[in-house]
Amino acid sequence: MVANNPMFASGSQGEGFNEQPIDPIWMSSRTARQIYALGEVEKDISRLLSLAASSMALLSLPQTDGPEDDLPQGAERSEKFVDVANEYFERLDSIHIAIRSSLAHIRQSRIAPSAINAPPPNFIPPPLGVGLPSTDEKSGTARGERGLQEERVERDAWKGVLAALTRIKEVREREQAEGAGSLGS
């Protein structure tokens with residue numbers, strides 16, 4: 001099923017809604033899969049914090065609930081707390097396993113510590129995400145401040161332009177061949 005298919009990602013494990021196809025680049029190598037898994041861990045951590053906030057709200061006294069909180073009352077409140085706490089610990093466990101798996105992969109790959117250095121002081125990440133190096137080493141010219149996604153979109157656009165021009169050329173060649181064939185008859 002989709003939940004077990006590595007080509008689909010779910011926003012949270014076990015819920016099964018929010019499934020979307022994974023870009024094939026994330027399945028291209030074990031390292032890419034590990035990086036993708038760490039991205040999912042990041043999402044799980046934000047969900048973990050949300051669950052912690054919900055747990056704290058459910059532990060507070062019902063008298064302190066605001067009218068917009070929409071929290072259950074009585075025995076239903078304690079049942080909801082148990083459900084949220086169970087999900088919290090399941091999510092915490094999955095985060096723990098994913099991080100340990102990623103660390104084991106780094107150790108197994110024998111990645112040099114120099115490759116995992118922190119960014120230089122006063123480094124400000126580009127707003128469009130990690131991209132290609134900002135200068136071309138050979139010519140020393142600046143490449144721009146585009147992120148990886150923007151580079152991929154431009155690449156795909158140029159591929160589309162090339163495909164369209166190729167189709168136009170083929171149609172013109174066919175028309176010329178048909179025109180030359182009808183003139184020869």
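Look at Ser50 and say whether it is in a loop (DSSP other than H, G, I, E, B) and either modelled with pLDDT of 80 or more or farther than 21 Å from Ala104 by Cβ (or both). Lay out the reasoning, then the answer.
Working: in a loop (DSSP other than H, G, I, E, B): no; either modelled with pLDDT of 80 or more or farther than 21 Å from Ala104 by Cβ (or both): yes.
Here the answer is no, as Ser50 does not meet what is asked.
Consider Gly66 carefully, then state whether it is open to solvent by 50 Å² or more (accessible area, probe 1.4 Å), part of a loop (DSSP other than H, G, I, E, B), among the small types (Gly, Ala, Ser) and at pLDDT below 80. Taking the combined requirement at face value, the residue does not satisfy it. The single condition among (1) modelled with pLDDT under 90; (2) of a type in the set (D, E, K, R); (3) more than 30 Å from Asp23 (Cβ to Cβ) that Glu170 does not meet is (1).
The values are calculated or read from the model by the stated rules, or taken from the named source; none is laboratory data. Owing to the predicted nature of the structure, the values given are computational and were not obtained by experimental measurement. Here the Cβ is made from the backbone with ideal geometry for all residues, glycine too, and neighbour counts use every protein chain on show. Heads up: the accessible areas ignore ligands, DNA and RNA and are worked out on the full protein's heavy atoms, side chains in. Shrake-Rupley method; radii C 1.70, N 1.55, O 1.52, S 1.80 Å.
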